[in-house]
Amino acid sequence: MKKITKQTYLDWYKNMLFWRKFEDKLASVYIQQKVRGFLHLYNGQEAILAGALHAMDLSKDKMITAYRNHVQPIGMGEDPKRVMAELYGKVTGTSKGMGGSMHIFSKEFRFYGGHGIVGGQIPLGAGLAFGDKYNNTGGVTLTCFGDGAARQGSLHEAFNLAMLWKLPVIFICENNGYAMGTSVDRTANHTDIWKLGLGYEMPCGPVDAMNPIKVAEAVDEALERARRGDGPTFLEMKTYRYRGHSMSDAQHYRTKDEVEDYKKIDPITQVLDVIKDKNYASADEIAAIDKEVKAMVKECEKFAEDSPYPEPKQMYDMVYEQEDYPFIS
């Protein structure tokens, strides 16, 4: 794995803080009805993305996830201004304003969504990995889903074929404790979701996903296994979300004290503590990063605000049409 250096910590702090503030801004404009529909925020789970990106080879590896999907394409290289514009429904967005919050895509940067069907991305991730194996690209697909999606039957079908065909895929369950508003211990007679991999003899295990170092180490090991041709890995990333399942979630299923307890191990705070303890940055330098992040978010907001909405005729230009289709007379 690439060495974790002073610069790694500084980059982690800046990136995770930006992702957090980017989504805080989305929550703010959602209340103003500038962003419509559903809005599922990643606050608290940023260490998963930060750690995974450190281990990945972004020139060939892919990622696919559910609808909590705004910051992942940014981490993969997509312009955050375009992501925010997509959430605003503007024509400058990643899907020309036609996808919205739950369906962010960036084929250029190998981010394959944003999927609204719970667990729907799990077999798709296996399919992307099948393509990499078939074409011998050397790439690996990180297939992310929540603890609720782990109860879907499609997971078992995908696990079975991924092991049978030794596909280069890492299945990542982002276990934030609650499937919408239902705690993990109310959805199955076991709470160690990672053990689902044992039934397929798939390498699997839990990861402290509030710490980007632990995530990076686990993902790196899984990537190496996949690149060797030894097949998939299933990682249960034990994390926590500070906001509700979506912006419409009243969060009656948990206490404020529980949320505050998890904030004591906030991934951004953990990284900042290391920076301070090791004197990687002075107070002024940290303040400068904070100021830069604030300016970046403001720039994204202005871009989205100033961008135009799509013309109505665009609706008819977004569906594939083959003019010489031979099977219609």
Let's test this: bin the Cα-Cα distances of the chain at 20 Å from zero up to the farthest pair and state each bin's percent. 31, 58, 10, 0
Return the percentage of antiparallel bridges among DSSP beta bridges fully within the stretch 133-216, rounded to the nearest 5 %. 25
Residue by residue through the stretch 270-278, the couplings from Karplus 6.51 cos²θ - 1.76 cosθ + 1.60 with θ = phi - 60°, in Hz, x for Gly and Pro, are 4, 5, 5, 4, 5, 4, 6, 5, 9
If the chain between Q251 and E305 were fully extended at 0.36 nm per residue, the gain over the current Cα-Cα distance would be 16.4 nm
Short to long, in 10 Å steps from zero, the percent of alpha-carbon pairs of the stretch 183-329 per bin is 8, 18, 24, 23, 21, 5, 1, 0
Using the heavy atoms of the protein chains alone and a 1.4 angstrom probe, what is the accessible area of the stretch 25-94 per residue in square angstrom? 27
Given labels modelled 7 Å from the Cα in the Cβ direction, how far is it in nm from E224 to K278? 2.0
Using each residue's phi in the stretch 303-318, evaluate 6.51 cos²θ - 1.76 cosθ + 1.60 at θ = phi - 60° and report the 3J(HN,Hα) Karplus result to the nearest Hz, with x for Gly and Pro. 4, 5, 4, 7, 6, x, 6, x, 6, x, 5, 4, 4, 8, 9, 9
Mind ranking M76, M296, M98, M315 by accessible surface for me, highest first, 1.4 Å probe? M315, M98, M296, M76
The size of the Cβ-based charge dipole (Lys, Arg +1; Asp, Glu -1) of the stretch 33-149 about the Cα centre, to the nearest 20 debye, is 400
Heavy-atom accessible area per residue - the stretch 234-329, 1.4 Å, Å²: 72
For R228, what accessible area in Å² do you get when you roll a 1.4 Å probe over the heavy atoms of the protein chains, rounding to the nearest 10? 150
Helix-only CD estimate at 222 nm, as mean residue ellipticity for the chain, using -39500 (n - 2.57) per DSSP H run (n ≥ 4): -13500 deg cm²/dmol
To the nearest 10 square angstrom, what accessible area does S101 show with a 1.4 Å probe? 10
Principal axes first, then extents: for the Cα atoms of the stretch 72-224, list largest minus smallest coordinate on each axis, whole Å, largest first. 46, 41, 31
Return the whole-Å distance between the Cα centroid of the stretch 52-128 and the Cα centroid of the stretch 201-279. 19
Rounded to whole Hz, the Karplus (6.51, -1.76, 1.60) HN-Hα couplings of the stretch 235-246, x for glycine and proline: 10, 9, 7, 7, 9, 7, 9, 7, 8, x, 3, 9
P(r) tail for the stretch 139-221, what percent of Cα pairs lie past 18 Å? 44
Work out the length of the dipole vector of the chain about its Cα centre, built from +1 on the beta-carbon of each Lys and Arg and -1 on the beta-carbon of each Asp and Glu, and round it to the nearest 20 debye. 200
Normalise the Cα radius of gyration of the stretch 58-137 by 2.2 N^0.38 Å (N = residues in it) and let me know the number. 1.08
Classify the stretch 9-108 as rounded, prolate or oblate from the Cα gyration tensor: take a ≥ b ≥ c as the square roots of its eigenvalues, call it rounded if a/c is under 1.5, otherwise prolate when a/b beats b/c and oblate if not. oblate
The simple spin-label model distance between I117 and D324, using points 7 Å out along Cα→Cβ, in nm, is 3.3
Whenever you get a sec, compute what percent of the accessible area on the stretch 91-215 sits on carbon and sulfur atoms (1.4 Å probe). 56
Restricting to the chain, what percent of DSSP beta bridges are antiparallel, rounded to 5? 10
With label points set 7 Å from each Cα along the Cα-to-Cβ direction at T269 and T5, the distance between them in nm comes to 3.0
FRET efficiency (D317, Q33; Cβ distance; R0 30 Å; to 0.05) is 0.65
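The values are calculated or read from the model by the stated rules, or taken from the named source; none is laboratory data. No experiment lies behind these values; they were computed from the predicted model shown. Counting neighbours? That spans all protein chains shown, and the Cβs are built from the backbone with ideal geometry, glycine included. Accessible surface areas use protein heavy atoms only, side chains included; no ligands, DNA or RNA. Shrake-Rupley method; radii C 1.70, N 1.55, O 1.52, S 1.80 Å.
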